[in-house]
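Taken together, the values in this text are just the output of simple stated rules run on the coordinates, not laboratory data. This is a predicted model, so every value here is computed, not measured. Backbone-built Cβ (ideal geometry, glycine too); neighbour counts: all protein chains shown.
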């Protein structure tokens, strides 16, 4: 995790192009995490080389990503990842995660997939 903020450059442009706005991406990604509270799984921001776009997806109980997909951001929603600090307040954990995303690392992963 990093200092939060917002993505910039090519990643920012891609999120806006594929989700309509940064706010829409954030709302969808956060809602997917909050819906998994008390469950087991991941929320992934994944590059789909087939569709040439970024997609949000659930990976419940260590299921696989979409065919050929390359995750560039992962939110761990298994209880062990948040229960000690947040108890049953999974939504607060998701909010803290969203505020602390290391955008330079995510942008680097995205950039490598575009080369």
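Observations on the model:
- Candidate set from the range 67-102 (those that are part of a loop (DSSP other than H, G, I, E, B) and touching a strand residue (DSSP E or B) at 6+ places or on another chain (Cβ under 6 Å)); member that is surrounded by the most Cβ atoms within 10 Å (Cβ to Cβ): 77
- The set of residues in the range 1-60 being touching a strand residue (DSSP E or B) at 6+ places or on another chain (Cβ under 7 Å), more than 19 Å from residue 107 (Cα to Cα) and touching a residue at least 60 places away in the same chain (Cβ under 8 Å) consists of 33 alone.
- When residues in the range 1-50 are screened for being in contact with a helix residue (DSSP H, G or I) (Cβ under 9 Å, 6 or more places away or on another chain), within 14 Å of residue 66 (Cβ to Cβ) and assigned to a loop (DSSP other than H, G, I, E, B), 1 of them pass.
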